[in-house]
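In what follows, a structure is listed as structure tokens, so that the remarks can point back to it.
Derivation of every value follows stated rules applied to the coordinates shown; laboratory data play no part. This is a predicted model, so every value here is computed, not measured. Please note: Cβ atoms are built from the backbone with ideal geometry, for glycine as well, and neighbour counts cover all protein chains shown.
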Amino acid sequence: MKNQEKSNTYPIRTSDQMKYLKSILNDSQFKISIIIPVYNVENYIKNALDSIVRQTIGLKHLEVIMVNDCSTDKSGKIMDEYANKYKNFTSIHLHENSGAAGRPRNVGIENSTGNYLMFLDPDDYYTEDACEVLYGRIVADNVDIVFSRYVYVFENKIQRCHSIFGDLDEIKVKKIDEEPGLFTIPPSVWTKIFKRSFIVENDIRFPEGIPAQDLTFMVHSFLEANGIVYLNNRFLFNYNRIRDSKGDKGISRNKNKKNLMGMIQAYHKTFDLLKNYGKEEFYPTLFKGHLQFWMDGFIISNTSSIEKRELLETIGFLIEEFNKYDTELNKRYITPLFNNIVDKRYDDAISLSEIIKNFIETQNKLEKEKDDLQRILDSSKNELAEHLTFTGYIKYKSKNIAFRINKRFKWNIKSLYIKLKNFFVNTKDRIFKLYIQLQGLNPSIRYDDLTLILPYRKTNDPDREENLDITLNFFSKIGINNMIISEHSDKSSKDYLIKKYAHLFNSFRVCTVFANGQLFNKSRAINKGVLESLTQYVAIVDVDCITKKENVNRAIKLLKKGYKVVHPFDRKVTDIIDKKTFQKKFDFHTIKTTVQNRPWADGGIVFWDKNSFINIGMENENFSGWGGEDNEIMIRADLFNLKQYRIDDTLYHLYHHRPQKRTQNNVEQLQKTRQMTKELCLDEINRWPWVIEAKKGYVK
């Protein structure tokens with residue numbers, strides 16, 4: 001075995017290995033070394049190797065290194081046949097199985113002599129010009145990495161892989177910092193060509209014995225590279241998915257505990273690389289897809305509950321790190337899983353994963369049944385068409401026979417339509433049940449840490465009372481648990497409010513500050529409600545303002561990440577004029593009014609970290625009547641450098657006519673705060689009586 005002798009001459013010591021590799025870098029007769037890790041692929045490897053033989057660059061320019069990771073089928077024998085047939089094919093057999101492609105690939109790198117490196121998985125194959133195209137570009141552009149897109153090969157179709165770069169012909173950068181979006185492309189090393197000197201001199205290697213090692217290798221190479229070219233409109237590789245459909249899954253696609261734990265190890269190594277290079281800002285871009293991919297594997301795995309908990313505890317740090325960034329997931333059903341893991345509610349996460357798994361399995365069965373029914377339906381339609389032609393001929397001879405034939409086929413088709421209709425009804429029912437279960441297990445939907453504070457004074461205005469009713473029913477509908485209506489009024493409406501609305505919330509309270517004939521003091525009502533609340537976060541909500549549920553979810557997430565103030569809109573307001581239509585299903589798509597820009601809009605709905613709200617003095621109770629108090633507290637929030645966020649959306653306002661009576665006193669108060677420094681402001685608020693009472697722990 002010529003190949004095994006070559007392997008044995010390779011130096012043992014690392015320093016000698018580096019000298020050996022560098023000594024042959026410039027003496028190669030081969031343009032490209034192609035490295036193929038091999039394990040139990042007897043049904044596919046010939047196709048892979050033949051695609052190399054057919055390369056238009058010329059086989060004489062290619063060195064092919066096949067590394068057998070102790071296959072138990074005929075893969076090793078097939079390798080040897082090609083090595084004996086072609087002098088530039090080398091067959092290396094490892095003595096122990098390493099369990100993943102990392103070790104065979106590293107052995108291939110160590111034994112390579114070509115000026116450039118390419119990789120190929122033994123169940124995939126190249127297009128005939130793959131090597132010629134990539135080699136031509138990497139030489140012409142003198143860069144470290146060139147790669148292209150690929151196609152998925154299924155039994156009945158070929159499908160192009162997705163690209164985030166649209167119709168761009170290519171992306172060329174000197175450093176990865178110029179286009180971090182390259183990190184979102186699947187880390188397939190078999191789509192790339194590398195300068196071998198670049199790989200050797202930077203000691204870039206695959207982690208061994210674990211899946212997802214190509215991710216670590218790819219990230220390391222991207223971070224070191226001086227020049228990367230991505231051929232966005234070239235498809236040079238064929239990714240074999242036929243193997244999956246036949247149940248013959250490769251090592252990386254088996255979702256057991258060992259595989260999932262190995263992926264976590266690779267993710268940790270990759271995260272360490274980002275830290276070592278000072279590139280942690282790439283973490284959400286890079287890991288968004290990979291963490292979702294891992295979670296999908298976790299969901300469909302057959303691991304035990306004990307194994308599942310161990311896996312979640314191990315990956316928890318990576319998900320917590322991801323959660324620090326304001327990055328939305330593509331797969332929304334994974335969001336509640338992430339939330340539970342961050343909150344260390346592992347049992348809830350496991351229960352939720354089982355629900356989703358059951359749904360996916362049932363959905364797959366229904367999809368198969370639908371496809372089968374559709375095939376039968378199409379076949380029956382064709383049959384009916386043929387028989388209608390035939391019955392036209394015999395109709396004058398035997399009208400009864402023609403009638404029976406038509407009736408039989410039309411009844412069959414009708415039955416199939418009914419079955420298909422039932423399929424869609426069953427699917428819709430399954431989705432609804434899953435949604436209900438998700439609500440019960442998603443901590444971001446339970447809103448346990450949030451209380452809504454609604455300042456209120458009962459009036460004789462029917463519009464205002466209608467708006468209160470819509471607002472409370474809406475927030476109950478989306479799952480808000482804790483509601484406080486805080487009155488500033490001469491007469492309390494507590495009994496009426498509790499009787500009408502208490503059933504809508506898990507916790508519903510009414511607190512009252514008596515006005516004694518004074519104008520409505522919204523600030524005093526808000527402060528009272530905040531001090532009555534028992535949660536870490538509060539939202540100040542006007543009677544006539546609402547926001548979408550996803551904005552509430554996002555606001556809570558941002559507060560948990562350290563933001564102190566979150567506005568669920570960015571100074572845009574949309575009036576809901578047709579309130580009756582909206583109220584039927586609380587469907588925001590029914591709102592047809594135009595979005596209005598309101599540069600001064602600071603209120604309506606604002607989410608707060610409660611301690612921060614108290615520490616900057618709460619609402620200024622020197623304001624009375626209408627207007628200015630929302631702007632004034634935001635001036636103080638800026639003075640105290642509170643971390644704020646405005647969600648790019650509109651505030652929805654339940655329309656009503658209102659006389660805007662801004663008192664002169666309010667204008668003066670607002671101007672006074674605008675002229676303050678932080679020190680003067682701190683001195684001022686520490687003299688406010690409501691702040692003094694609050695800091696004493698005052699609660700009534």
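Placing unit charges on C-beta atoms (Lys and Arg positive, Asp and Glu negative, everything else neutral), compute the dipole magnitude of segment 259-330 about its Cα centre in debye, rounded to 20. Please list the in-between numbers first.
Details: 7 positive and 11 negative charges, 32 e Å.
Dipole magnitude for segment 259-330 comes out near 160 debye.
Between THR594 and HIS95, the contour length at 0.36 nm per residue exceeds the alpha carbon distance by 172.5 nm.
Mind sorting THR547, THR581 by how few other Cβ atoms lie within 10 Å of their own Cβ, fewest first? Please report the intermediate quantities before stating the final value.
On the way: THR547 26, THR581 13.
By the 10 Å Cβ count, ascending: THR581, THR547.
Residues whose amide H falls under 5 Å from that of ALA100, counting only those 5 or more places apart or on a different chain, are GLY209, with hydrogens built in the peptide plane.
Here the gap between SER197 and LYS74, fully extended at 0.36 nm per residue and compared with their Cα-Cα distance, gives a gain of 40.9 nm.
Over 31 Å between Cα atoms, which of LYS174/LYS572; LYS572/LYS672; LYS175/LYS324; LYS258/LYS344; LYS561/LYS672 qualify? Before the final figure, lay out each step's value.
Values: LYS174/LYS572 41 Å; LYS572/LYS672 27 Å; LYS175/LYS324 26 Å; LYS258/LYS344 22 Å; LYS561/LYS672 33 Å.
With Cα atoms farther than 31 Å apart: LYS174/LYS572; LYS561/LYS672.
Here the contact order of segment 447-695, divided by its residue count and restricted to Cα pairs under 8 Å and six or more residues apart, works out to 22 percent. Exposure proxy shown here: for ILE109, ILE299, the number of other Cβ atoms within 10 Å sets the order, fewest to most, as ILE299, ILE109.
The Cβ shell under 11 Å around ALA101 holds other residues with a net charge of -2, Lys and Arg each +1, Asp and Glu each -1.
Summing Cβ point charges (Lys, Arg +1; Asp, Glu -1) relative to the Cα centre of segment 567-612 gives a dipole of roughly 220 debye. Between LEU236, GLN213, ILE299, the Cα set farthest toward the positive side of the dipole of segment 211-344 (charges on each charged residue's Cβ, about the Cα centre) is that of LEU236. Order by neighbour count: VAL219, VAL595, VAL133, VAL543, fewest other Cβ atoms within 10 Å first, most last. Result, fewest neighbours first: VAL595, VAL133, VAL543, VAL219. In units of the compact-protein estimate 2.2 N^0.38 Å, segment 447-695 shows a Cα radius of gyration of 0.96.
The aspartates and glutamates whose alpha-carbon is closer than 12 Å to the alpha-carbon of LYS357, local same-chain residues fewer than 8 away aside, are ASP296.
Relative contact order for segment 116-204: 49 percent, from Cα pairs under 8 Å spaced at least 6 residues apart, divided by residue count. Here each label is just a point 7 Å from Cα along the line to Cβ, and for TYR152 and ARG309 those points are 3.6 nm apart.
What net charge is computed for the residues neighbouring ARG149, neighbours being all others with C-beta under 10 Å from the C-beta of ARG149, Lys and Arg scored +1, Asp and Glu -1?
On the way: positive: ARG160, ARG234; negative: none.
Taking every other residue near ARG149 into account, the sum is +2.
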